[in-house]
Structure formats: structure tokens, C-alpha cells
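Participant: One structure follows; several queries about it will come next.
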Amino acid sequence: MTMKYTEDHEWLRVDGDVVVVGITEHAAEQLGDVVFVELPEVETMVAKGDDCAVIESVKAASDILAPLDGEIVAVNEKLVDSPGLVNEDPLGAAWFFKMKIDDLSVLDQYMDEDAYKDLIG
Amino acid sequence: MADLKRTVFYDLHVELGAKIVPFAGYEMPVQYPMGVLKEHLHTRSDAGLFDVSHMGQVILKPKSGGYEAAALAFERLMPVDVLGLPQGRQRYGLFTNDAGGILDDLMFANRGDHLFVVVNAACKDQDIAHMRAHLSDACEVIAITDRALLALQGPKAEAALEALVPGVAAMKFMDVAILPWSGVDLWISRSGYTGEDGYEISVPESQAVAFARALLAEPGVAPIGLGARDSLRLEAGMCLYGHDIDTTTTPVEGNLTWAIQKARKAGGAREGGFPGAARILRELAEGPSRRRVGLRPEGRAPMREGTVVYAGPEGGEPIGAITSGGFGPSIEGPMAMAYLPANLKDGDTVYADVRGKRLAATLAPMPFHPTSYKR
């Protein structure tokens with residue numbers, strides 16, 4: 001399955017039975033150089049819209065929201081030591097966390113790549 | 001952005017790919033395509049060119065007499081020794097109010113028969129009004145509106161400017177000189193706001209863009225935006241007016257007692273005689289109750305302006321707040337300035353409330369990154 005995108009500039013990718021979450025290139029570019037990432041605890045249950053990670057650039061702090069209800073099953077510890085990965089490879093190496101959700105069909109509510117490209121103009 | 005002003009370099013910023021933001025009433029470049037982090041590091045390793053034309057340039061010309069007349073008048077507004085500044089030298093100054101608070105900080109230079117003053121962009125209109133109100137008996141207060149101001153900072157600044165303007169390499173930190181380039185006079189000081197060696201150059205607007213392009217063509221010179229200017233000055237431990245000092249902080253609380261020379265202190269040749277002298281002289285004698293200090297957070301999380309500081313990891317009332325904070329690219333970690341009780345010392349630990357969690361930070365000497373002035 002392909003990537004889905006939220007209005008908060010997060011991307012979601014299904015990987016087996018989990019959803020991988022990161023931020024888009026557009027978001028990384030808008031934030032500027034990322035200098036700090038705080039990740040959620042593994043095995044935390046989150047509800048859609050919860051603040052579950054923090055990303056700070058040279059300019060400001062932003063929250064990463066849980067895009068879905070579910071459980072955090074993995075976090076990308078590499079970002080803690082190398083926050084600059086978010087600027088270098090936002091769609092790949094700089095994933096933030098993986099979530100386990102009950103029903104993958106909830107991803108249908110989010111944009112596909114074309115719709116997201118229209119959003120960011 | 002309808003009523004925002006532009007400096008003479010606006011089109012050049014856009015051509016260089018700058019991201020433009022409103023700042024102090026101007027549309028200014030916050031960063032170029034290099035990005036804040038690399039611009040910061042480039043300034044420390046090579047040379048950075050900054051547009052600081054939004055700042056106010058003012059000449060104080062004595063109505064009769066020479067420099068001494070202008071200096072004595074100017075001393076009425078600042079707890080600073082203006083009279084004792086030698087010709088061709090620049091010094092840091094502060095306008096104070098009757099309560100001892102700081103109205104603005106500035107640079108002034110002795111140019112023989114007059115003073116040249118550079119003030120902050122956000123304060124320049126009120127500063128000029130303040131000087132006109134209090135100095136007009138002795139000085140003509142001339143706002144310079146037809147000159148741009150550039151800062152060239154970093155280890156390659158000297159070679160770059162010397163290539164265009166022979167003679168600048170012989171200047172020392174805080175020297176000022178008037179030197180020709182392409183038929184116009186440049187007003188040059190060897191100073192800046194980054195902790196690096198470098199220059200600030202006032203250039204007539206007619207030649208300003210050509211001069212900036214000539215500097216950008218020199219080896220190692222890159223345009224640098226306001227984002228990196230802020231992280232560079234914070235690493236250098238320098239105050240940003242309106243954040244780290246303002247009308248509610250005195251120079252003593254602001255840890256700027258080094259800017260108050262002996263002549264203006266108790267027992268000095270021209271003791272007191274500036275706004276707020278009673279409080280400022282008392283704080284010099286007895287010590288302030290709080291003071292601006294440097295903080296190094298223990299983890300990686302930046303502690304931003306407004307973050308509340310506590311003595312312990314839980315409970316208790318706030319003991320102060322952070323006035324500037326962010327990530328220092330050269331020190332590769334977070335840094336901050338805060339006002340805290342004056343009994344705390346370097347090495348002491350305090351706790352800052354970051355998103356509801358108390359994170360430890362250590363009082364640390366400033367500058368956070370060593371300065372490299374040409375003394």
C-alpha cells in the first residue's frame with residue numbers, strides 16, 4: 001500500500017501489521033534544522049490527536065500528534081542522537097514511531113499523495 | 001505586510017533565495033537556502049555577511065565645542081564613560097530610565113568632533129526622540145537615513161574586507177575608521193554581534209548593493225540571516241534587547257556592570273548623573289537580588305524564552321525565567337540565559353519546566369563559545 005498523509009503534515013505507511021509514522025518533506029523544510037526529538041514510550045496507548053512526540057528546530061517546538069487510535073509498538077531511537085536525520089531523510093530513515101491499530105481501513109480517511117500535493121500547493 | 005519597510009538589500013535577499021519574515025517593522029531575511037544551522041557554522045569557520053540596515057544610525061554633533069561637549073551631554077543618558085573614550089574608538093552603551101531600567105543598548109564611537117551612535121531597530125524612533133528631548137541644548141541629533149549597514153563576521157572577514165578596502169586589517173577590536181571604496185566613504189568598526197572577529201560597515205545606499213555583491217564575491221563570504229544571527233549572539237553570551245534586557249531590568253541585574261566604567265561609579269570623577277543612578281549605584285554597592293546568568297540544560301531539549309525555572313525537581317515557587325534559549329550549533333547543545341537569584345553560582349543546578357517536566361540545567365559562564373576578537 002502507498003503512503004497516506006494527514007493535514008498535520010505527517011505520513012503513514014503500512015508495514016505488515018503496523019503503521020509507520022513520520023513527517024513530510026514539506027514539514028521538515030518548514031521547520032528548518034531539527035535539533036531535538038522527544039519520542040513516546042513504547043507500549044503506550046494513544047488516541048487520535050494526542051500529543052505523542054515533540055520536534056524542535058532551530059526556530060521552534062512542534063508537537064507530533066497521534067494520527068490514529070492505537071498502541072505505540074516501536075520508536076526510532078536514532079532520532080534522539082541524530083535529530084538532523086529528520087531534514088536529511090524525512091520519508092525514510094527519520095520515521096518517528098510505529099503504531100499497532102485494530103482496523104487498517106481507518107487510514108482511508110487520510111489523503112493520498114496527489115491530494116497532499118494539492119494541499120501544500 | 002503592507003506597512004513593513006524594506007532595506008536597500010531586499011531584492012538581493014530575494015535573489016539569494018532568502019526566506020523573508022517581519023522583524024522590527026522590516027521585511028528581513030531569516031535564513032537563506034543554506035539554513036540556520038549551516039549559516040551559523042559557516043560564520044564561525046569562514047565569514048558571514050549580515051544585513052543590519054534596519055538598525056538606527058545617528059550622529060550627535062555638538063552645537064559648540066568639540067567631542068567633549070557632545071560626550072558630556074551624552075553621559076546624562078547613560079551610566080557610561082563617554083568622555084574618556086579615545087578618538088577612533090567605539091564603546092558599548094545603555095540608555096537607562098529613572099527607575100534604573102534599560103531603554104536600549106547601543107554602540108557609540110568617538111569620531112573626533114562628533115559621536116556616531118548605532119541603536120536597535122525596534123527602539124530607534126524612541127531613541128532618537130529621547131536624544132532630541134535631552135540633548136538638543138548641546139547637540140544636533142542627526143538621524144542618518146541614507147546609509148545601509150552591513151556586518152561581516154568570522155575568521156575570513158579580515159581578508160575579504162581588506163581585499164576591497166585596504167587598511168582594515170590594521171584595525172583592532174572596537175576601532176573605528178572612515179575609509180574609501182568606489183568613490184564613497186565607508187564608516188567601519190571592528191566589532192559585531194557574533195563573538196567572532198569582524199566588522200560593521202555603514203555604506204551609502206547608492207553603493208550598498210554593489211558593495212555587498214563585491215563582498216559576497218570574496219572567498220568564504222556567504223549571506224547569513226537573522227536566525228543564525230540570534231544563535232551566534234546567544235553562544236557569545238550577548239543580550240538581545242527586549243528579551244534579555246528591557247525597562248524592567250537594570251544594568252547590574254543584566255550582568256552588564258562591565259559596561260559601567262569607574263568614572264561614573266561611586267567615587268569616580270563623574271559619579272552618577274544618569275537616569276536611575278540612585279538604584280544602579282546602590283545595586284553596584286550592595287549587589288542585585290537577581291542576575292542574568294547562563295544556563296546549560298543537561299539533556300538535549302532546548303529551553304525557550306519564557307520557560308519558568310525552579311530551585312528543585314518538584315514543588316516550590318518559581319525562582320526565575322528564561323529570557324533567551326535555543327540550540328547552539330557550535331557547542332552542539334542547548335543553551336539559555338535566565339534571570340535567577342543572585343546567590344546562585346556557576347555550577348549550581350536548577351530545574352526548568354519544559355512541557356510540564358522539570359529538566360535540570362547548570363549555571364554556566366558566558367560566553368558559551370569562546371570569542372575570537374582581534375585585540
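Participant: For the protein assembly as shown, give me the percentage of DSSP beta bridges that are antiparallel, rounded to the nearest 5 percent.
Facilitator: If we restrict to bridges inside the protein assembly as shown, about 95 percent are antiparallel.
Participant: Something else now. Take the alpha carbon atoms of region B:296-375, find their center, do the same for region A:59-100, and report the distance between the two centers in whole angstrom.
Facilitator: Measuring centre to centre over Cα atoms gives 26 Å.
Participant: Here is a further query. Just to confirm a number: summing +1 for Lys and Arg and -1 for Asp and Glu over residues other than B:Ala266 whose beta-carbon lies under 15 angstrom from that of B:Ala266, what do you get?
Facilitator: Local charge sum for B:Ala266: +2.
Participant: A follow-up question, please. Taking the Cα atoms of region A:4-102, what is the range of coordinates along each of the three principal axes, in descending order and whole Å?
Facilitator: Here the Cα extents, ordered largest to smallest, are 36, 24, 22 Å.
Participant: Once Rh for region B:260-319 is found with the Kirkwood sum over Cα pairs, what is the Stokes-Einstein diffusion coefficient at 37 °C and 0.692 mPa s, in µm²/s?
Facilitator: This corresponds to a translational diffusion coefficient of 219 µm²/s.
Participant: Now for a different question. According to the Cα gyration tensor, what semi-axes, each the square root of 5 times an eigenvalue, does the equivalent ellipsoid of region B:125-170 have, listed from largest to smallest in whole Å?
Facilitator: Working from the Cα gyration tensor, I get semi-axes of 35, 12, 10 Å.
Participant: Report, as an integer, the average count of C-beta atoms from other chains found within 10 Å of each Cβ along B:304-316.
Facilitator: Average neighbour count from other chains, rounded to a whole number: 0.
Participant: May I ask you to derive the FRET efficiency for B:Ser45 and B:Glu317 from their Cβ-Cβ distance with R0 = 56 Å, giving the value to the nearest 0.05?
Facilitator: Plugging the Cβ-Cβ distance into 1/(1 + (r/R0)^6) gives 0.80.
Participant: Also, quick follow-up: Whose amide H sits under 5 Å from the amide H of B:Tyr310, counting only residues 5 or more places off or on another chain, with H placed in the peptide plane?
Facilitator: Those qualifying (amide H under 5 Å, at least 5 residues apart or on another chain) are B:Ile319, B:Tyr351, B:Ala352, B:Asp353.
Participant: Related question: Considering only DSSP beta bridges where both residues belong to chain B, give the percentage that are antiparallel (nearest 5).
Facilitator: Antiparallel bridges make up about 95 percent of those DSSP assigns within chain B.
Participant: Related question: Just subtract the alpha-carbon distance of B:Ala159 and B:Arg6 from 0.36 nm times their residue separation and send over the number in nm, one decimal.
Facilitator: 52.1 nm
Participant: Compute the distance from the alpha-carbon center of region B:99-115 to that of region B:227-268, in whole Å.
Facilitator: Computed from Cα coordinates, the inter-centre distance equals 13 Å.
Participant: Now a separate question. Looking at region B:288-375, which chymotrypsin sites (Phe, Trp or Tyr not before Pro) are DSSP coil and have at most 16 other C-beta atoms within 10 Å of their C-beta?
Facilitator: Here the chymotrypsin sites (Phe, Trp or Tyr not before Pro) that fit, given the DSSP loop and packing criteria, are B:Tyr373.
Participant: Please work out how much length the chain gains when fully extended from B:Val14 to B:Arg132, using 0.36 nm per residue of separation minus the C-alpha to C-alpha distance, in nm with one decimal.
Facilitator: 38.9 nm
Participant: Can you give the average number of partner chain beta-carbon atoms within 10 Å of each beta-carbon in peptide A:28-35, as a whole number?
Facilitator: Average per residue, whole number: 4.
Participant: Would you mind checking which residues have amide H under 5 Å from B:Phe23's amide H? H placed 1.01 Å from N; only 5 or more apart, or other chain.
Facilitator: It is B:Met28, by chain and number.
Participant: Now for a different question. Report the per residue volume, in Å³, of the convex hull enclosing the C-alpha atoms of chain B.
Facilitator: Spelled out: Cα convex hull of chain B, divided by residues, is 141 Å³.
Participant: Cut-off 10 angstrom, C-alpha nodes, Gaussian network model of chain B. Which of B:Ala99, B:Ala285, B:Ala360 fluctuates the most?
Facilitator: Evaluated over chain B, the most mobile residue of the options is B:Ala285.
Participant: Something else about it: Amide H of B:Glu298: which non-local residues (sequence gap of 5 or more, or other chain) have their own amide H closer than 5 Å, using H built in the peptide plane?
Facilitator: So B:Glu298 has HN proximity to B:Ala360, B:Ala361, B:Thr362.
Participant: Just to check I understand the Karplus step: with θ = phi - 60° and J = 6.51 cos²θ - 1.76 cosθ + 1.60, what whole-Hz values come out for region B:364-369, glycine and proline as x?
Facilitator: Karplus values, whole Hz, x for Gly and Pro: 9, x, 10, x, 6, 10.
Participant: For the protein assembly as shown, what is Rg from Cα atoms divided by 2.2 N^0.38 Å, rounded to two decimals?
Facilitator: Computed over Cα atoms of the protein assembly as shown, the ratio equals 1.10.
Participant: By a straight-distance test (C-alpha under 19 Å), which lysines pair with A:Lys117 as possible cross-link partners, with residues fewer than eight away in the same chain excluded?
Facilitator: A:Lys4
Participant: Further question: When Cβ neighbours within 10 Å are restricted to other protein chains, what is their mean count per residue of peptide B:42-55?
Facilitator: That works out to 0 on average.
Participant: Would you mind counting up the charge near B:Asn97? Only other residues with Cβ under 14 Å from its Cβ, with Lys and Arg at +1 and Asp and Glu at -1.
Facilitator: -4
Participant: Same structure, new question: Mind checking which of B:Lys156, B:Lys357, B:Lys63 has the largest fluctuation in a GNM of chain B, springs on alpha carbons under 10 Å?
Facilitator: Fluctuation is largest for B:Lys357.
Where a number appears in this text, it was derived from the coordinates with a stated rule and is not lab data. Every value quoted in this text rests on a predicted model; they were computed, and no experiment measured them. Don't worry about glycine lacking a Cβ; one is built from the backbone with ideal geometry, like all the others, and counts go over all protein chains shown.
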